[in-house]
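Here's the structure, in structure tokens; my notes come after.
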Amino acid sequence: MWMTVGERRFAITLADTEAARAFAAMLPLTIDMPDLNSNEKHAKLPKALPTNTIRPGTIRNGDLMLYGSQTLVVFYLTFDSIYSYTRLGQVDDPAALPKVLGSGTARITFSRD
């Protein structure tokens, strides 16, 4: 799977979960994702996905998660969290994410190819 922000394209490895498969079935998807807490982009998906929440403790730069059943979250910094998420996948090489996503809203396209 791919995530494209402007001219940058990032490979994403999907988790082996029902939620990740349901997310992949929605693609292609272009969505405007506002910033939250200067560490993540988030947006409401067109429909709810199945959930299997975990409390990861540490969120990693590049984590692609589902908050609740309908909020897609792309994390671009590593930090500790008490919140629960359903894992969707991980950006394979997330080092450039903080710079590419920047502050404010980012238009992000998720696609299979």
Exercise. Please turn the phi angles of segment 37-43 into ³J(HN,Hα) values with the Karplus equation 6.51 cos²θ - 1.76 cosθ + 1.60 (θ = phi - 60°), one per residue in order, whole Hz, x for glycine and proline.
Key: 6, 6, 8, 7, 10, 9, 6
Practice problem: List the residues of segment 24-59 whose backbone N lies under 17 Å from a point placed 7 Å from the Cα of T4 along the Cα-to-Cβ direction. | Solution: 26-33
Exercise. Return the long-range amide H neighbours of G62 (sequence gap of 5 or more, or a different chain), with a cut-off of under 5 Å between placed amide H atoms.
Key: F75, Y76, L77
Quiz prompt | Computed helical MRE - 222 nm, the chain, DSSP H runs ≥ 4 contributing -39500 (n - 2.57), nearest 500 | solution = -2500 deg cm²/dmol
Practice problem: May I have the extent of the alpha carbons of the chain along their three principal axes, as whole Å values ordered from largest to smallest? | Solution: 32, 31, 22
Self-check item: Vicinal HN-Hα couplings computed from phi for segment 55-67 (Karplus, 6.51 cos²θ - 1.76 cosθ + 1.60; Hz; Gly/Pro x)
Solution: 10, x, x, 10, 8, 9, 3, x, 5, 10, 10, 10, 9
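Quick note: the coordinates plus some simple rules give every number you see, no bench work behind them. Given the structure is predicted, the values throughout are model-derived calculations rather than measurements. Neighbour counts are summed over all protein chains in view; Cβ atoms, including those assigned to glycine, are modelled from backbone coordinates with ideal geometry.
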